[in-house]
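First the structure, in the form of structure tokens, and then the observations on it.
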Amino acid sequence: MNRHAFPRAEVVAAVRTQWRSLSTDAHRSAPTLARELDRWVGKVLGPRPEAAFTTLDSYPLVHLPIWAAPGLTPEVLALLVRSTISGYLYVRLIDNAFDADTDGAELRLLPAASYLHTEFQLPYQRLYPFDHPFWDTFRSAWTRAAE
């Protein structure tokens, strides 16, 4: 039996807040790209994209940090949730762009991958200074995942 509650209220709240923040920041920084990204996200995740991360039939990606470290502060949880959402969308965009059955929409949206990857990595930059051993592990894991 799973001893971890799902979905956790604090994670659901962090997903909602970070989803709005991520979208607002994208619209402020790159409004044309943000509109295209919104359309694509709506297509692949549905009209309530944040639900893709918090419903019972979703992947529990955003819950992993709080399950691994139950004492996380709300601020750190928010950073990790933002990173996870951005990282998921980054990988999904790249994966969809190279699927054989793509209609080409993802290929036109590939510039958004830069934004999503930055938003994936930025929370970790706030948590760990540049000389922290975390970065060697991060670089190694990220490179192996790409391989």
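The values are calculated or read from the model by the stated rules, or taken from the named source; none is laboratory data. As the structure is a computational prediction, the values presented were derived from the model and not from experiment. Here the Cβ is made from the backbone with ideal geometry for all residues, glycine too, and neighbour counts use every protein chain on show. Heavy atoms of the whole protein, side chains included, go into the accessibility calculation; ligands, DNA and RNA do not. Shrake-Rupley method; radii C 1.70, N 1.55, O 1.52, S 1.80 Å.
Leaving ligands, DNA and RNA out of it, report the carbon-plus-sulfur percent of the accessible area of the chain at a 1.4 Å probe.
58 percent
Rounded to the nearest 20 debye, what is the charge dipole size of segment 52-147 about its Cα centre when +1 sits on each Lys and Arg Cβ and -1 on each Asp and Glu Cβ?
Using Cβ point charges on Lys, Arg, Asp and Glu, segment 52-147 gives about 300 debye.
Where does each of 54-65, 121-132, 83-94 land if you order them by average Cβ count within 10 Å, highest first?
Highest to lowest by the protection proxy: 83-94, 54-65, 121-132.
List every DSSP H helix in the chain whose Cα atoms extend 27 Å or more along the helix's own long axis and whose mean Kyte-Doolittle hydropathy is at least 0.0.
74-97
With the other protein chains left in place, how much accessible area per residue, in square angstrom, belongs to segment 94-142 at a 1.4 angstrom probe?
Here the residues of segment 94-142 average 66 Å² of exposed surface.
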